[in-house]
Amino acid sequence: MTTPQPIWQRIRPRLSAYVAANQLEVTELVGAAIITVVNPSGLLVKVTVVDNIHEWFITVSDPITQEKIFDDWRDHFALANESNDAIGAEMEESVIDFLRVFQIYPIRVVIVKPARKIFGIQFRKTLQLEYLTPQGWVTEDELPTAD
């Protein structure tokens, strides 16, 4: 008897193929999968892909201390008359692009806005990832496109 394919692999076939081809570590949970990659700069990224929604979550941490350095989430939603399948495919490509870039370029986390308190309300600091490319440190929006 064969083991049934995990639901995340059936729902996200391109992402599943990319993960398998690149021998990335996957932790399967009920309703989600966590893909783990070590960046060339030594940081650990975990991308959590949920089965039935078009959102994914990024956590970057120090592999030695397990301290969380950065976390973020991305979502994908319909524009005009996009089908659920089209949104799912767009999300898969976004996750694959993120994993590809994370495997290639060293990263750093920079503070865009420091934490501050205004009228007694504490605002978190705003962080972003930067990638070390041959052209220097760039943000995600400035990354070279895949060939």
* Residue order, fewest to most surrounding Cβ atoms within 10 angstrom, among TRP56, TRP137, TRP73 -> TRP73, TRP137, TRP56
* Structure fact -> Binned at 5 Å starting from 0, the alpha-carbon pair-distance distribution of the chain in whole percents comes out as 2, 8, 16, 19, 18, 15, 11, 6, 3, 1, 0, 0, 0
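What FRET efficiency, computed as 1/(1 + (r/R0)^6) with R0 = 41 Å and r the Cβ-Cβ distance, is obtained for GLU67 and ALA17, rounded to the nearest 0.05? Present the calculation step by step, with values, prior to reporting the outcome.
Values: r = 32 Å, r/R0 = 0.79.
Between GLU67 and ALA17 the formula returns 0.80.
Using a Förster distance of 41 Å, how high is the FRET efficiency between VAL138 and LYS117, based on the Cβ-Cβ distance and rounded to 0.05?
On the way: r = 32 Å, r/R0 = 0.77.
Efficiency for this residue pair is about 0.85.
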* Structure fact -> Under the Karplus relation with 6.51, -1.76 and 1.60 and θ = phi - 60°, whole-Hz ³J(HN,Hα) for the stretch 60-65, x at Gly and Pro, equal 10, 9, 7, x, 7, 8
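No lab work stands behind these numbers, since they all come straight from the coordinates. Every value quoted in this text rests on a predicted model; they were computed, and no experiment measured them. Positions of Cβ are generated from backbone atoms using ideal geometry, with glycine treated the same way; all protein chains shown enter the neighbour counts.
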